[in-house]
Each structure stands twice: as structure tokens, then as C-alpha cells.
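The values are calculated or read from the model by the stated rules, or taken from the named source; none is laboratory data. Being a predicted model, the structure only gives us computed values, none of them experimental. Every residue, glycine as well, gets a Cβ built from its backbone with ideal geometry; the counts of neighbours run over all protein chains shown.
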Amino acid sequence: MDGLLWFLLIGLAAGWLAGQLMKKRSMGLVGNLIVGAIGALLGGWLFGVIGLSAYGLVGSLVTAVVGAVVLLYLVGIVKKV
């Protein structure tokens, strides 16, 4: 249960940070949580593909933020089409 709570807290922080980095694309509390959680999964996959690994709280946050930024970038491309 602790792992899920940390995942959600990191996802929330990552979603908010990604929204700030991507030209204020913040989506509210629930939206940030969703973007951060999906971003954490995407970031973990991307880091694995390129052979990087992150450990600890800061590493998890960096991984989630990178994934969330990539997710928001891809969503922006799809919305333009």
C-alpha cells in the first residue's frame, strides 16, 4: 500500500512539474495525477530502452517527469492534427 501511495504522490508532482515545463499545460489535480502516473510508466519504459536506470525518490521523480513531458508533447502533436 505504501508503494501505491508513493507512486501517486510522485505522479502528482511529476504531472504538475511537466505541466509547468510544457508552457503551463497544467490540467488540475486529477489531470496532473493521470499525466504523472502515465508519465512514470512511459519514463520507466523509455529509460529502460536507452539503458538508464534511476534509483530513489529523486530518480523516480526525474523518470516520471521525463515521461510526463514526453506524454504532453505527444498529446500536443495529436491535438494539432
Which of the residues spanning the range 36-54 are at pLDDT 90 or above and either among the aliphatic types (A, V, I, L, M) or not in a helix (DSSP H, G or I) (or both)? ALA37, ILE38, ALA40, LEU41, LEU42, LEU46, VAL49, ILE50, GLY51, LEU52
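Determine if the range 32-39 includes at least one residue that is in contact with a helix residue (DSSP H, G or I) (Cβ under 8 Å, 6 or more places away or on another chain), aliphatic (A, V, I, L, M) and over 21 Å from LEU5 (Cα atoms).
Residues of the range 32-39 that are in contact with a helix residue (DSSP H, G or I) (Cβ under 8 Å, 6 or more places away or on another chain), as a first pass: 32-39.
Among the residues that remain, those that are also aliphatic (A, V, I, L, M) are: 33-35, 37-38.
Now drop any that are not over 21 Å from LEU5 (Cα atoms), which leaves none.
No, the conditions are met nowhere in the range 32-39.
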Over the range 12-35, the set of residues within 21 Å of LYS79 (Cβ to Cβ), among the small types (Gly, Ala, Ser) and either at pLDDT 90 or above or in a helix (DSSP H, G or I) (or both) is ALA14, GLY15, ALA18, GLY19, GLY28, GLY31
Residue pairs qualifying under the 8 Å Cβ cut-off, at least six apart or on distinct chains, with the first in the range 55-66 being over 17 Å from TRP45 (Cβ atoms) and the second being surrounded by 17 or more Cβ atoms within 10 Å (Cβ to Cβ) and among the hydrophobic types (A, V, I, L, M, F, W, C), are LEU57/ILE10
Please specify each residue of the range 1-11 satisfying the condition of being at pLDDT below 90 and either buried (at least 16 other Cβ atoms within 10 Å of the Cβ) or among the polar types (S, T, N, Q) (or both). PHE7, GLY11
Selection from the range 32-53 of residues that are farther than 15 Å from VAL70 by Cβ and over 11 Å from the mean Cα position of the chain (by Cα): GLY51, SER53
Cβ-Cβ under 7 Å, sequence separation 6+ or interchain: first residue in the range 29-51 and in contact (Cβ under 8 Å) with a residue 12 or more places away in the chain, partner small (Gly, Ala, Ser) and not in a helix (DSSP H, G or I). Which pairs? ASN32/SER26; PHE47/SER53; PHE47/ALA54
